[in-house]
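K.L.:
Let me begin by handing over the structure; questions about it come next.
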Amino acid sequence: MSRRVKTVIAIIFCLGLLATAGWYFTKQIRKSVRKSAIRTALADRDLPLANRLLAEHLATNDDDADAHFQAARTARRLDDFSTANRHLNRYRELEGDPEEVQLELVLRGSQSGNLSGATGAMKLCIEQPDNVAVPLMIEALTRGFLAANRPAAAVEATDVWLKRNPPPGERAYVLYLRGRGNELQAKIPDALACYRESLTICPKLHECGFALAEVLRRESPSEALTYYEQLREAGYKPADVTVGTAGCLRQLGELDRASALIAPVLAEQPSNVAAIVEAAKIDLDRLRPADAEPRLKRALQLAPKYRDANVQWERCLRGLGRDGDAKAQSEKLRLLDEELFKANGKTP
């Protein structure tokens, strides 16, 4: 083989090595950039973005145990427990830390309302504010207090949380949960203040925007419509937003528009209790209790303890002239309220 041919082969070989090295380093840089973006999204509590970035990363890095753990934790915080289980199981397969797995399972229980260890956990959060697990523990506990209908305890937990001076994205979420706690205690001005401050910090916190719209729907339907429109444009829970919008229009006396808006939801989701009850309210506002009657019977069949359905059923019975039945329903509603609003009960 001539020297010239050997030289050409050597050059081709070197170019191949350079290309391979370039591909490898480009891949590593992209991986590093994506991991940095994941950390930023988690720090900002942009969980949907973090969830998407983690999925993209794991599609080509299935052996990354830490990423699976972060994906499990993110899915759990998004209430996607099936996805959380899948990633947590993979984390175990990759010999992840058993204590981390156990902590994650405890947090899931707390978040869902199992507060058997809440007192000890809150004590740890107060006494060890620098513990890296504290923010996640307070979040799970606050959500658990709300799930267990202990709104005052939830607000107290946010007091501890806010003293940590959380970063903006996290602070916005704390204020949202604090607003929920105040709302469930009927402290509406305080709830509105929390929701508004939260959205000032993080306008894309759509669950907070929806909570604000739902309160304003009762207090100021014209203002609520603005928030529902923003949520509609963002694609947030289309059916729920449509029902809320219809409720605002009904309160503003635009019954035909409200009826036209709610009809497709009823057609597509015939078991949507909130939509059924809203349609019945439109019937009652039109002084058509006979039209509302089958709707409300259907709603109560689907959800016997749905408070608004029970309230409207009493109203319907009075509209039908069935005062005796309405009186009995009023007593039933009183007993239902005692059950719904007691500590550790379920809120409507």
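Rule-based calculations on the coordinates, nothing more; no lab input. As the structure is a computational prediction, the values presented were derived from the model and not from experiment. In this analysis, Cβ positions are derived from the backbone assuming ideal geometry, glycine residues included, and neighbour counts consider all displayed protein chains.
K.L.:
For region 199-257, which trypsin sites (Lys or Arg not before Pro) are in a loop by DSSP, counting at most 15 other Cβ atoms within 10 Å?
P.N.:
LYS204
K.L.:
To the nearest 0.05, what FRET efficiency results for LYS123 and GLU268 with a Förster distance of 51 Å applied to their C-beta separation?
P.N.:
0.55
K.L.:
Which residues among region 142-170 fall inside the zone where the amide N is under 15 Å from a point 7 Å beyond the Cα of ALA186, along Cα→Cβ?
P.N.:
Answer for this model: 151-152.
K.L.:
What order do you get for CYS194, CYS202 when you list them from fewest to most C-beta neighbours inside 10 Å?
P.N.:
Exposure proxy ranking, most exposed first: CYS202, CYS194.
K.L.:
Further, regarding this structure: From Cα pairs below 8 angstrom and at least 6 apart in sequence, can you work out the relative contact order of region 184-314, rounded to a whole percent?
P.N.:
14 percent
K.L.:
Taking Cα pairs under 8 Å and at least six residues apart, what relative contact order does the chain come out at, in percent?
P.N.:
Dividing the mean separation by the residue count of the chain yields 8 percent.
K.L.:
Within 10 Å of each residue's Cβ, count the other Cβ atoms and sort VAL33, VAL215, VAL277 from fewest upward.
P.N.:
Lowest to highest Cβ neighbour count: VAL33, VAL215, VAL277.
K.L.:
Sorted from fewest to most neighbouring beta carbons within 10 Å, what does the list MET122, MET137 look like?
P.N.:
Placing the least packed residue first, the sequence is MET122, MET137.
K.L.:
Rounded to the nearest 500, what is the chain's calculated 222 nm mean residue ellipticity when only DSSP H runs of at least 4 contribute -39500 (n - 2.57) each, over all residues?
P.N.:
-26000 deg cm²/dmol
K.L.:
In degrees, nearest 10, range 0 to 90: what is the angle between the Cα axis of helix 151-162 and the longest Cα principal axis of the chain?
P.N.:
Rounded to the nearest ten degrees, it is 30.
K.L.:
Would you mind checking the tilt of helix 65-77 against the longest principal axis of the Cα atoms of the chain, expressed as 0 to 90 degrees and rounded to 10?
P.N.:
For helix 65-77, the angle is close to 10 degrees.
K.L.:
Please list 48-55, 301-308, 331-338 highest first by mean number of surrounding beta-carbon atoms within 10 Å per residue.
P.N.:
Going by the mean number of other Cβ atoms within 10 Å, highest first, we get 48-55, 301-308, 331-338.
K.L.:
How much length is gained on full extension from SER116 to VAL33, taking 0.36 nm per residue of separation minus their Cα-Cα distance?
P.N.:
25.8 nm
K.L.:
At a Förster distance of 45 Å, what's the computed FRET efficiency of ALA65 paired with ARG218, Cβ-Cβ distance as r, to 0.05?
P.N.:
For ALA65 and ARG218, the calculated efficiency is 0.40.
K.L.:
If I model a spin label as a point 7 Å beyond the Cα along the Cα-Cβ vector, how far apart are those points for LEU302 and PHE81 in nm?
P.N.:
Here the modelled spin labels are 2.3 nm apart.
K.L.:
Would you mind computing, in nm to one decimal, how far apart the modelled labels at GLU197 and GLU339 are, each placed 7 Å from Cα along Cα→Cβ?
P.N.:
It works out to 3.7 nm between the two label points.
K.L.:
Then there's this: Calculate how steeply helix 323-340 sits against the longest principal axis of the alpha-carbon atoms of the chain, using the helix alpha-carbon long axis, and give the answer as 0 to 90 degrees to the nearest 10.
P.N.:
With rounding to tens, the tilt is 30 degrees.
K.L.:
Expressed in nm to one decimal, what extension gain is obtained for the pair ASN131 and ASP97 from 0.36 nm per residue of sequence separation less their Cα-Cα distance?
P.N.:
Fully extending the segment from ASN131 to ASP97 adds 10.5 nm.
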